[in-house]
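See structure below.
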Amino acid sequence: KTDTFPSLLSAISLKDSTMIVLLLLQALAIAVTQGRVTFTHSEVIQQADLGITKSISLNKCDDGCMIYTDSTSEFLYITDGETDCINFQVLNMEQGELPPNTTYRLEYRGAGAPPAFVLYVVDQSAEFTDSFSVKPLTTGNSGLTFETRFNTRRTTLLNSGMNTPWFGFIGNFEPGYPRIYTSGYDAAGEEACKPVYQARSKENVESSRVMLSSPIITVDVGPSDEQTNEKTPITITNGGWYRYAEPYSSMVYFSPGYVGCSYTQNQFYATDKFAVIDVFRSQSVSLDFDVSMSIPTEKESIHIYVNGEEIHLFGDSSSTSRHFEAHDFEVIMDWFRMSPSSYFAIQFDFGAPTPTSTEAPTTSGSARTPLALFAVFSATWFPLAR
């Protein structure tokens, strides 16, 4: 078969080049610069939230709180208005704890602009029945293995560098797991918060290399095997960009700053990204996608080209899905933010490999057990949000 992928991309690019330039110019003015996101039991604060006063109040510590950050800045302090309680350099990316108080503030006392950071504050009165751990995600920890807490189910990664890690999983999981969220471990357990990736099958888990960029990421590997009490080691290794999607695999995309909880629709993480653009190909016999979105106008549509078929997706607080069948797939997608409150998340799922004979394609499945062996991450970089 002739490789039509470059020619297809060129044709679409030439047709839409003028429009894309205009969209880029408009979208540049609508990057999300405020990043404070408040969940039921927690909040996420970033550099942009400090504002001109270089300070901000903490709102989840009335009953005491746990704090986590990926910064070691000696100039970032938490104070109660009278006493300095915690300095980020002393905290050294370990878990901190604050007693009940309603007057805590985060302050930056250095010269110039504050450094990039993520601060994750969790209400201590909230009850969590599942185990968790919180780790910083940096390009410098590539190759390290984190031994998570005994029987850890959810691992939250703080990512102020906005690295784009890829996630791969090997092992046996409960149906529907692993799941990846753009929130902390507390919100990942709420019905109102949806994952950006959810495993479709055992083959899907083993074949997917899910790449995403968010200041906070939580991986939920599902229930553990109570008989063996196995741990879940997490390894960060080197990876790269996958232009070709494997059969049975998934790929996910979402708008920059995306949170994923129904009650945070007008809240976004701070980001200077304003577009999502990618191209990929897969030799599979089917393709499905599911999208949830709040895109009020057609001019801000998600544009998806599947083997040349053009699809425009938009709608206010809506969701949709599509199914395609072919011998292989060439997919192009783009989206440009035109309004500050628009968002979306989409998961592409590829089916069985294209058969090499005239026999009809078949799919296979196997039973899953609750033991999750490990997850793999890699810090890589992309110029546009994924």
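Structure values in brief
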quantity	calculated
For THR156: the one exception among (1) of a type outside the set (Gly, Ala, Ser); (2) modelled with pLDDT under 95; (3) surrounded by fewer than 17 Cβ atoms within 10 Å (Cβ to Cβ)	(3)
Whichever residue in region 87-117 is within 19 Å of ASN159 (Cα to Cα), touching an Asp or Glu at 6+ places or on another chain (Cβ under 7 Å) and in a loop (DSSP other than H, G, I, E, B) and, among such residues, is least open to solvent (accessible area, probe 1.4 Å)	PHE117
Long-range neighbours under 6 Å by Cβ, at least six apart or interchain, first residue within 20 Å of LYS194 (Cβ to Cβ) and modelled with pLDDT of 95 or more within region 280-309, second surrounded by 17 or more Cβ atoms within 10 Å (Cβ to Cβ) and among the β-branched types (Val, Ile, Thr)	PHE289/ILE346; VAL291/ILE346
Hits in region 290-315 - residues which are out of contact with any Asp or Glu (no Cβ under 7 Å at 6 or more places or on another chain), within 16 Å of ALA345 (Cα to Cα) and assigned to a strand (DSSP E or B)	ASP290, VAL291, SER292, MET293, ILE295, ILE302, ILE304, ILE311, LEU313, GLY315
Conditions (1) more than 27 Å from the chain's Cα centre (by Cα); (2) under 26 Å from THR271 (Cβ atoms); (3) without any contact (Cβ under 8 Å) to a residue 40 or more places away in the chain: number failed by ARG105	(3)
Qualifying position, being in a strand (DSSP E or B), modelled with pLDDT under 90, of a type in the set (Gly, Ala, Ser) and surrounded by fewer than 18 Cβ atoms within 10 Å (Cβ to Cβ), among SER339, SER318	SER318
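So that you can scan it fast, the table gives a plain yes or no per residue for (1) modelled with pLDDT of 90 or more; (2) over 25 Å from ILE45 (Cβ atoms):
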residue	(1), (2)
ARG179	yes, no
ASP186	yes, no
CYS193	yes, no
SER201	yes, yes
GLU206	no, yes
GLN227	no, yes
THR235	no, yes
GLY240	no, yes
SER249	yes, yes
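The values are calculated or read from the model by the stated rules, or taken from the named source; none is laboratory data. This one's a predicted model, so the numbers in the text were calculated from it and none came from an experiment. Neighbour counts are summed over all protein chains in view; Cβ atoms, including those assigned to glycine, are modelled from backbone coordinates with ideal geometry. Heads up: the accessible areas ignore ligands, DNA and RNA and are worked out on the full protein's heavy atoms, side chains in. Shrake-Rupley method; radii C 1.70, N 1.55, O 1.52, S 1.80 Å.
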